[in-house]
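Structure, as structure tokens:
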Amino acid sequence: MPRGLLALAIGAFGIGTTEFVVMGMLPEIAAGLGVSVSAVGLLISAYAIGVVIGAPTLTALGLRFTPRQTLVALMVVFVVGNTLAALAPTYGTLAAARVLTALAHGSFFGVGAIAARRLVEPARATRAISLMITGLTLANVIGVPAGTWVAQQTSWRVVLGAIAVIGLVTIAGLLAWLPGDRGDAVDLRTELAAFRRGQVWLVLGLTMIGFAATFAVYSYVSPILTDLAGLSEHGVTPVLALFGVGTTIGTLLGGRLGDRFGFGFVAVGMAAVAVVLVAFSFLARNPVAAVVLLVLFGTVGFAMGPVVQNGVIVAAQVPGGGSLVSAANQGAFNIANAIGAALGALFIAQGFGLTAPMWVGAVLAVVGAVIALLIALGHRRRTVPAGPVEQTTAVLESAAAA
């Protein structure tokens with residue numbers, strides 16, 4: 001593995017930890033600042049807003065610099081944001097610091113995906129991106145539980161300060177291991193022109209709809225495990241750790257299978273997610289079956305992420321570039337989060353119970369499978385060699401043009 005990928009993975013680990021660890025520190029932050037838990041919960045929404053704003057904005061500003069320069073600058077923003085959050089004297093200051101921190105999130109993964117692709121040959125591009133994203137999944141396995149425990153034993157400020165240190169380690173790794181060359185020069189107009197391509201919008205639509213299936217269920221995983229599967233509140237934590245292990249394995253497998261099968265793999269994966277969720281809705285009251293299906297759901301669902309992230313860059317057809325559509329896809333993941341959670345809440349509120357998000361997720365996954373199939377078929381039509389008639393026609397057209 002190129003060492004530059006390790007630096008990107010460390011950065012992804014830090015970003016994933018700072019995004020999700022707040023969920024585990026809600027009581028401690030609320031007590032420390034003298035506000036309600038629900039008010040602290042709004043920090044999660046504030047972070048998501050920062051991601052959506054920062055992804056296209058900072059990526060566009062970074063086009064004039066090399067990927068390494070841009071990534072280092074984003075990590076500086078990340079370090080400053082977490083440091084200010086750790087020292088925040090008031091709730092308002094903490095909220096502002098969280099938004100500042102989130103600005104670096106989408107752009108880091110967008111530009112990082114481009115940098116990861118450049119470190120390997122094209123045939124291993126998806127695998128390279130999956131190694132970077134593995135840092136994000138490991139954050140849920142290691143970073144968030146560890147951060148929650150440290151916050152309970154000491155202070156939430158210590159956790160955010162430690163995350164800032166992870167950002168400093170990332171900066172050192174990027175400077176030491178990531179090539180400093182610019183690659184092919186790409187301007188903003190060329191990057192924006194990629195959004196005229198229908199394939200780009202199909203991939204972004206796939207992200208927003210297909211991956212909403214994941215968030216429709218994951219947003220309500222705790223009550224599903226306690227109220228349906230009958231697990232205790234203490235039993236939820238190890239199950240979520242298993243889910244995190246599943247997402248990490250899925251991400252690594254997706255990198256390998258994605259390089260070989262592309263969006264055909266995504267179409268099959270989305271269909272498999274739908275099947276798993278339908279089975280989950282019938283077996284959710286069996287604790288063993290519920291845990292197995294949840295881990296399988298995470299494994300399959302996250303396996304498709306690297307494929308889609310690489311696919312949107314390929315669809316952009318910007319030689320040496322594509323960072324803007326790559327960052328836009330990160331924003332699309334956050335939109336998927338909002339769509340999935342909102343639809344799950346809507347059907348629960350209508351009295352359909354906690355199995356409703358599973359059916360919502362299954363429908364969204366089926367739609368995602370259809371979109372992925374359309375993308376795969378479109379790619380196949382562009383890559384199938386022309387037959388004798390098409391080749392002859394092409395030759396005649398070239399001669400006439402000459």
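A quick yes/no check of all residues on (1) surrounded by 23 or more Cβ atoms within 10 Å (Cβ to Cβ); (2) in a helix (DSSP H, G or I); (3) touching a residue at least 24 places away in the same chain (Cβ under 8 Å):
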position: Thr126; (1), (2), (3): yes, yes, yes
position: Gly161; (1), (2), (3): no, yes, yes
position: Gly180; (1), (2), (3): no, no, yes
position: Val186; (1), (2), (3): no, no, yes
position: Thr207; (1), (2), (3): yes, yes, yes
position: Leu225; (1), (2), (3): yes, yes, yes
Test: residue in segment 14-26 that is touching a residue at least 60 places away in the same chain (Cβ under 8 Å) and either within 30 Å of Ala193 (Cβ to Cβ) or of a type in the set (Asp, Glu) (or both)
yes
Here the residues within segment 143-157 that are free of Cβ contacts under 8 Å to residues at least 40 places away in the same chain and either among the hydrophobic types (A, V, I, L, M, F, W, C) or surrounded by 20 or more Cβ atoms within 10 Å (Cβ to Cβ) (or both) are Ala146, Trp149, Val150
Would you mind finding the one in Gln317, Gln309 that is closer than 27 Å to Asp181 by Cα, assigned by TED's automatic domain parsing to the domain that holds Arg197, in contact (Cβ under 8 Å) with a residue 40 or more places away in the chain and within 20 Å of the chain's Cα centre (by Cα)?
Gln309
Just to verify a result, which residue in segment 109-165, among those that are among the hydroxyl-bearing types (Ser, Thr, Tyr) and more than 15 Å from the chain's Cα centre (by Cα), is nearest to Phe333 (Cα to Cα)?
Thr148
Residue hits (segment 227-237; part of a loop (DSSP other than H, G, I, E, B) and out of contact with any Pro (no Cβ under 7 Å at 6 or more places or on another chain)) are Ser232
Would you check which residues across segment 87-122 are of a type in the set (Ser, Thr, Tyr) and buried (at least 20 other Cβ atoms within 10 Å of the Cβ) and list them?
Thr101, Ser107
Count - residues of segment 128-139 that are surrounded by 23 or more Cβ atoms within 10 Å (Cβ to Cβ) and under 18 Å from Val239 (Cβ atoms):
2
Log entry, pairs with first residue in segment 339-356 being free of Cβ contacts under 8 Å to residues at least 40 places away in the same chain, second being surrounded by fewer than 17 Cβ atoms within 10 Å (Cβ to Cβ) and among the acidic types (Asp, Glu), beta carbons closer than 7 Å, six or more apart or on different chains, reads none
Of the conditions (1) over 27 Å from Leu8 (Cβ atoms); (2) within 16 Å of the chain's Cα centre (by Cα), Gly235 clears all except one; give me its number.
(2)
Which helices (runs of 4 or more DSSP H) sit wholly inside segment 302-402 and have at least 1 residues that are crowded, with 19+ Cβ neighbours inside 10 Å and modelled with pLDDT under 90?
323-347
Kindly indicate whether any position in segment 41-54 is more than 20 Å from the chain's Cα centre (by Cα), in a helix (DSSP H, G or I) and either at pLDDT 95 or above or in the same structural domain as Gly143 (by TED's automatic domain parsing) (or both).
yes
Taking the criterion of being closer than 18 Å to Met132 by Cβ, buried (at least 18 other Cβ atoms within 10 Å of the Cβ) and in contact with a Pro (Cβ under 7 Å, 6 or more places away or on another chain), would at least one residue in segment 74-81 satisfy it?
no
Name every residue in segment 188-205 that is assigned to a helix (DSSP H, G or I) and surrounded by fewer than 17 Cβ atoms within 10 Å (Cβ to Cβ), in order of residue number.
Leu188, Arg189, Leu192, Ala193, Phe195, Arg196, Gly198, Trp201, Gly205
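The values are calculated or read from the model by the stated rules, or taken from the named source; none is laboratory data. Please read these numbers as outputs of a predicted model, since none were measured by experiment. Please note: Cβ atoms are built from the backbone with ideal geometry, for glycine as well, and neighbour counts cover all protein chains shown.
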